[in-house]
1. Scanning region 37-59 for residues that are under 16 Å from E10 (Cα atoms) and among the aliphatic types (A, V, I, L, M), which turns out most open to solvent (accessible area, probe 1.4 Å)?
2. With respect to G23, determine if the residue is in contact with a Cys (Cβ under 7 Å, 6 or more places away or on another chain) and surrounded by 12 or more Cβ atoms within 10 Å (Cβ to Cβ).
3. Given the conditions (1) more than 18 Å from L3 (Cβ to Cβ); (2) in contact with a Lys or Arg (Cβ under 8 Å, 6 or more places away or on another chain), which single one is not true for W15?
4. Among the listed residues H30, H69, which satisfies the condition of being at pLDDT 95 or above, of a type outside the set (V, I, T), within 16 Å of S5 (Cα to Cα) and open to solvent by 70 Å² or more (accessible area, probe 1.4 Å)?
Amino acid sequence: SLLASGSWDETVWLWTPDGQVKGILRGHSHGVNCVAWNHDGSLLASGSFDKTVWLWTPEGKKKGTLRGHSSYVYSVAFSPDS
């Protein structure tokens, strides 16, 4: 299992529960405000002050970028059946 954290330094960090860094995800052009895993941990979403939501695999591979917000992204959430 992994924990994800977002930072003002424009990165998302992936951690093990015992504090080991498993990856640093780069791509956002402004601070990362929020992160959320889907129900089975197979997809991570990160929202940013760059007005985008990025989708990532647990291995840190980018799956896509959602664009369209006219202001900062403050939260992301998956539906329970996603």
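The values are calculated or read from the model by the stated rules, or taken from the named source; none is laboratory data. Please read these numbers as outputs of a predicted model, since none were measured by experiment. Cβ sites come from the backbone with ideal geometry, for glycine too, and all protein chains shown count toward neighbours. Note: accessible area is taken over every heavy atom of the protein model, side chains too, but ligands, DNA and RNA are not part of it. Shrake-Rupley method; radii C 1.70, N 1.55, O 1.52, S 1.80 Å.
1. Among those that are under 16 Å from E10 (Cα atoms) and among the aliphatic types (A, V, I, L, M), it is L55.
2. Details: in contact with a Cys (Cβ under 7 Å, 6 or more places away or on another chain): no; surrounded by 12 or more Cβ atoms within 10 Å (Cβ to Cβ): yes.
So G23 does not fit the description; no.
3. Looking at each condition in turn, W15 falls short on (1).
4. H30
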